[in-house]
1. Could you tell me which numbered condition K106 fails, if it satisfies all but one of (1) open to solvent by 10 Å² or more (accessible area, probe 1.4 Å); (2) within 16 Å of ligand 2 (Cβ to nearest atom); (3) not aliphatic (A, V, I, L, M)?
2. Could you check, for region 725-738, whether at least one of its residues is among the charged types (D, E, K, R), closer than 30 Å to K626 by Cβ and free of Cβ contacts under 8 Å to residues at least 60 places away in the same chain?
3. Does region 119-158 hold any residues that are open to solvent by 10 Å² or more (accessible area, probe 1.4 Å), farther than 20 Å from L398 by Cβ and within 9 Å of ligand 2 (Cβ to nearest atom), and which are they?
4. Among the residues in region 679-699, are any among the charged types (D, E, K, R) and in contact (Cβ under 8 Å) with a residue 12 or more places away in the chain?
5. Condition check: in contact with a strand residue (DSSP E or B) (Cβ under 8 Å, 6 or more places away or on another chain) and either in the same structural domain as L375 (by the TED database) or acidic (D, E) (or both). Does D107 satisfy that?
6. Just the residues that are of a type in the set (D, E) and open to solvent by 30 Å² or more (accessible area, probe 1.4 Å), please, taken from region 460-480.
7. May I ask you to say which residue of S495, S483, S490 is surrounded by 15 or more Cβ atoms within 10 Å (Cβ to Cβ) and assigned to a strand (DSSP E or B)?
8. Which one is nearest to T193 (Cα to Cα) among residues in region 72-97 that are within 12 Å of ligand 1 (Cβ to nearest atom) and among the hydrophobic types (A, V, I, L, M, F, W, C)?
Amino acid sequence: MVFLHNSIPLTRSLIKNTTKILLQPSVSTTIPNTQYSKRLFHATSRKLNNKPEEDDAATLADITKSLSPSDLNSLRKIRNIGISAHIDSGKTTFTERVLYYTGRIKDIHEVRGTDQVGAKMDSMDLEREKGITIQSAATFCSWQKDDKEYHFNLIDTPGHIDFTIEVERALRVLDGAVLVVCAVSGVQSQTVTVDRQMKRYNVPRIIFINKMDRMGANPFRAIEQLNSKLKIPAAAIQVPIGAESELKGVVDIINREAIYNKGVKGNTIEKGPVPDELKELVEEKRQVLIETLADVDEEIAELFLEEKVPSVEQIKNAIRRTTIARTFTPVLMGTALGNTGVQPVLDAVVDYLPDPANILNTALDVDNNEAKVNLVPSIDKPFVGLAFKLEEGNYGQLTYIRVYQGRVRKGDYITNVKTGKKIKVSRLVRMHSEEMEDVNEVGSGEICATFGIDCSSGDTFTDGKVRYSMSSMYVPDSVISLSVTPDTKSLTNFSKALNRFQKEDPTFRVYFDPESKETIISGMGELHLEIYIERMKREYNVVCKTGQPQVSYRESVNGGAEFDYVHKKQSGGAGQYGRIIGNFSSYEDASGNRNENIFETAVVGGRIPEKFLAACKKGFIESCEKGPLIGHKVLGVKMLINDGATHAVDSNELSFMTATKHAFRKSFLESDPIILEPIMNLVVTSPTEFQGNVIGLLNKLAAVIQDNESGHDEFVVKSECTLSTLFGFATSLRSCTQGKGEFTMEFSHYAPNSKTMFKKN
Ligand SMILES: Nc1nc2c(ncn2[C@@H]2O[C@H](COP(=O)(O)OP(=O)(O)OP(=O)(O)O)[C@@H](O)[C@H]2O)c(=O)[nH]1
Ligand SMILES: [Mg+2]
């Protein structure tokens, strides 16, 4: 049985003549079928660890032992971290402080600031105008702690769900993350999504509760929500000094010392005794911290049972152990905008987030039957790196690479494992938002970028001595599409722009519809496509007419049918013959969702040889790409071939592929075909006074309301709604909340569209 799935561990064994393939729908149609399964196969390799954690820990300990002191010395100083969170929680504002305090930038500029400069990491004009992050930006900075210098590779990611691929690929290559949470709004819909993404890539995190200066800020309420909604236990390691506009600093409850930001824009840290009025709270929260740790850490549990108080050192070591093991999350707090509490987060990154040697990374050895290999972050080993992000720059294609093993030097030749192409690294840089710094060499555990390398994102590079392939990232399927027609003058630039965007962003897809003769672009949401249309205009001077947004439907069946199909062609030249027998039916997973397509064969006695069955599988995959009803992808069907026949001369792969395609089409139409449409999770947040209007609007859209929460002076309503009724929702919400309502929309699942049932032909 071969399971190909993005998140479940991969098991591989062949049982008699039976093969079963789960085909995940969420992969771009532009990927040729041969790479289709491979990509999915890859998509599991970082998650291959279905071994118990202890085994991994033992392997990691062995790897660490094999590293030279100089390897260890440089790895211990590296932290690769991402900043991720719900929209507008202050990631970019926080990152701006990090850059300022680490001396990377000379002054602080605000997102939507009045000085018209804008934050460093939001370098694109559109980002600065809209005040949102669209593309993740990487930077490199250094932080001094206890007289040692640490090197941070930092990626600021967008919060909006439409740009979620940016978060996926950042988390894929980072070792740890800072999850930013708003002190007033607490855990929001995107916080939960980001949490899920962090779990997908096993990324340890620390949490920063931002916006402590806002009215109604309550970090402990936020921590309660973190504990109830995110599943990894969290506890504060700080308490605030003062609140809201009176916030003066934070108390480090482990060391029992107050930390104040002084100097220009809070650049100097002053430490002092815990203020008297906070002593009781500090002891109470310190006890909560120790109890939470005792639940997840053996050493603290033992001390706790013996009624001994752990030392500062023991507490800190336990936090580091459990954070890296992803069984605990330390929580810090402050206000990025108010320049308070940011430096302690950098200290916590050093203290509690892993360095590259703390993470076990694996690859598949293409030369050895794709056996799993552990990567060793030593510069003496053969180079292995993953290209995780592409960007078209002024000097050609910029490729971001995370080095997992060995090192890469300017002038080296590296090999793309997928294509086998050997490429010279003529320029190697470290990124600082849109600026770059040339370097001669980049070692294990670091992130760099290089020019002039032709590849796709997710490709693995090696020095050519080994052929290892690393897992790629999860690429969500698009849910919305739009027809675009450029004016005749801009045709060349139009195709240039589309090529570039497609290459950079795997969630942005383009195809030509031969029936309507229109170019269709598809993506993650209205904003996603709107941004690309705007970028075409600004960066390529292309003005285009756009059609109404269209929903990406799926085609499926409710029933089932048996088939016995013979494909025969014997007039002139070489003939074709293929007969397949089996059945076709709908398929739902254990939780009742239509999430994948399944192809199974159970042919006995070699009546159809393996190579023809492989051709049948190909025919099935191709048929799933374009359904017989309206040409959209097929989802939630299962095809089983259990018998058939061949012809001694005329049978070949093509005959069986064609037979499968015909049998598929015929059976599909006989099995009660239906159209599935995307259902979205819609979360609206708005000031309480507009609650009636918002609920009225949701009722009008026939949204199913699932939860309604009232906060300090705003309320949050969660609902499920069909995507087709949500077009233009931003405008309707704006008008019924005087522009004060906000929403997030995220794909949930596909469900049958009741209006369009197709009957048997
Ligand atoms: N009151 C207050 N406002 C803040 C704080 N931090 C950020 N903001 C404001 O929140 C808004 C959003 O900040 P950003 O830094 O752009 O948030 P983001 O998380 O990067 O947003 P996206 O990247 O678009 O998801 C801006 O107007 C900031 O000025 C804070 O500590 N307190
Ligand atoms: Mg941002």
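1. Tallying (1) open to solvent by 10 Å² or more (accessible area, probe 1.4 Å); (2) within 16 Å of ligand 2 (Cβ to nearest atom); (3) not aliphatic (A, V, I, L, M), K106 fails exactly one: (2).
2. no
3. I132, the sole residue that qualifies.
4. Scanning region 679-699 turns up no residue that is among the charged types (D, E, K, R) and in contact (Cβ under 8 Å) with a residue 12 or more places away in the chain.
5. On the way: in contact with a strand residue (DSSP E or B) (Cβ under 8 Å, 6 or more places away or on another chain): no; either in the same structural domain as L375 (by the TED database) or acidic (D, E) (or both): yes.
No, not satisfied.
6. Once the filter is applied, which keeps residues that are of a type in the set (D, E) and open to solvent by 30 Å² or more (accessible area, probe 1.4 Å), region 460-480 yields only D463.
7. Details: S495 fails: assigned to a strand (DSSP E or B); S490 fails: assigned to a strand (DSSP E or B).
Among S495, S483, S490, only S483 is surrounded by 15 or more Cβ atoms within 10 Å (Cβ to Cβ) and assigned to a strand (DSSP E or B).
8. A85
The values are calculated or read from the model by the stated rules, or taken from the named source; none is laboratory data. Everything numeric in this text was worked out from a predicted model, so none of it was measured. Every residue, glycine as well, gets a Cβ built from its backbone with ideal geometry; the counts of neighbours run over all protein chains shown. With ligands, DNA and RNA removed, areas are computed over all heavy atoms of the protein, side chains included. Shrake-Rupley method; radii C 1.70, N 1.55, O 1.52, S 1.80 Å.
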